[in-house]
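S.K.: The following block contains the structure, expressed as structure tokens.
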Amino acid sequence: MSNLEELVQEINRFEAIISEWDESQRCVAVGLKRAIEALHKAALTSLIKSLKQESMSALRHAVTDEVVYAVLLYHELVKPPKPPLTQRIQTALEEVRPDLKSHNGDIELVAIKPPDTVEVRLIGTCSSCPASNLTLSQGVEQAIKTHCPEITKVVAVNNNSTVNAASSSLISPFPPKLSSSWIKVATIEQVPELGVLAVEFAGSSLILYRQGITFRCYHNACAHLGNPIDEGKIENGIITCPFHGFEYNLETGECLTAPNISLQSYPVKIKDNKVFVKLQK
Ligand code: FES
């Protein structure tokens, strides 16, 4: 037998025969195979160690032989070849795409600029969102760097998208159903002082914030990707979204992480110890 393919075919032929045996016989054959493989792996590991000390170039040369490389790969003594850079970048973008799409956005690869830079374009809502820099650095850049450690710069290029031109301010894009009447959602005792209470109304989640006799109501949806924020840490009237760390002033709803973004807020009134809100814009 002269080449790798023939050797592999021979192994496959024996494996097919063994697979027809009864279980006890198969276990013996598999045990023997594992024991021989463990012996070979130990020998190869020692051989590589010695070769490394003597001559790295000899080791590199040996690995260029396809049979040597295949056996070392089988024993996990060499790393498998990486997919091409473009493929790894696309894999990274695929990972973040569902999050961006849930926000009516998307991303595309514009260019790879060797040795260390990738240009991308945020499209749809993401292109005009004031949080786009954070979207880029927290999601996209991290995913690309994980898959492609050789990339150190991820740059968003200008886009020509006409979708949703940037406005001077942006309210959370995840509003609940609206209602023109006052709805009782809690009693004042249920809302913790300087804390938030999450309440459900008509399938929507709201948070109530209380500071003394002042109450605020917001939609329980982070302006970043719409995740609920009621489990976030609260300190000095600032709530931090537990998902990616956007911070909001609970007094005003204003986002402190990305300028010009606010939580969707709703009017509140107190009557007879009860908290009422009106889900109007
Ligand atoms: S969902 Fe990303 S910071 Fe809140």
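Bear in mind these aren't lab numbers, they're just calculated from the coordinates by the rules spelled out. In this text the structure is predicted, and so the values were computed from the model without any measurement. Note: ideal-geometry Cβ built from the backbone for every residue, glycine included; neighbour counts use all protein chains shown.
S.K.: When only alpha-carbon atoms count, how far does the stretch 182-278 stretch along each of its three principal axes, as whole angstroms with the largest first?
M.R.: Taking max minus min along each principal axis of the Cα atoms, the stretch 182-278 gives 38, 28, 22 Å.
S.K.: Next up: Show that you can apply the helix-only estimate: for the chain, add -39,500 (n - 2.57) for every DSSP H stretch of four or more residues, divide by all residues, and state [θ] at 222 nm to the nearest 500.
M.R.: The helix contribution divided over the chain gives -10500 deg cm²/dmol.
S.K.: Using only Cα atoms, find the angle between the long axis of helix 4-19 and the longest principal axis of the chain, and express it within 0 to 90 degrees, rounded to the nearest 10.
M.R.: That helix lies at roughly 80 degrees to the long axis.
S.K.: Let me ask something else. Taking only the C-alpha atoms, wrap a convex hull around the chain and report its volume per residue in Å³ as a whole number.
M.R.: Residue-normalised Cα hull volume stands at 253 Å³.
S.K.: What does the extension gain come out to for Gln142 and Ile11, with contour length at 0.36 nm per residue minus their alpha carbon separation?
M.R.: Using 0.36 nm per residue and subtracting the Cα-Cα distance, I get 42.9 nm.
S.K.: Moving on. Dipole size in debye (nearest 20) for the chain around its Cα centre, Lys and Arg Cβ +1, Asp and Glu Cβ -1?
M.R.: 940 debye
S.K.: Which order do the peptides 19-30, 226-237 take when ranked by the mean count of other beta-carbon atoms within 10 Å per residue, highest first?
M.R.: 226-237, 19-30
S.K.: Kindly list the residues of the stretch 1-23 that lie in the label zone of Asp65, defined by a backbone N under 18 Å from the point 7 Å along the Cα-to-C-beta vector.
M.R.: Residues 1-8 qualify, since their backbone N sits under 18 Å from the label point.
S.K.: Okay, next question. For Leu47, what is the net charge nearby, where nearby means another residue's Cβ is under 11 Å from its Cβ and Lys, Arg count +1, Asp, Glu -1?
M.R.: So the surrounding residues net to +2.
S.K.: Multiply the residue separation of Lys79 and Glu37 by 0.36 nm, subtract the distance between their alpha-carbon atoms, and state the gained length in nm to one decimal.
M.R.: Stretched fully, the Lys79-Glu37 segment lengthens by 13.3 nm.
S.K.: Using a cut-off of 13 Å between beta-carbons, work out the net charge of the residues near Val196 (Lys and Arg +1, Asp and Glu -1, Val196 not included).
M.R.: Computed value for this residue: -2.
S.K.: Separate question: To test your reading of the geometry: what angle, between 0 and 90 degrees and rounded to tens, separates the Cα axis of helix 23-54 from the longest principal axis of the chain?
M.R.: 90 degrees
S.K.: Multiply the residue gap between Trp182 and Lys101 by 0.36 nm, knock off their C-alpha separation, and tell me the result in nm, one decimal place.
M.R.: 25.8 nm
S.K.: Related question: Percent relative contact order of the chain, based on C-alpha pairs within less than 8 angstrom and at least six residues apart?
M.R.: Once divided by the residue count of the chain, the mean separation gives 13 percent.
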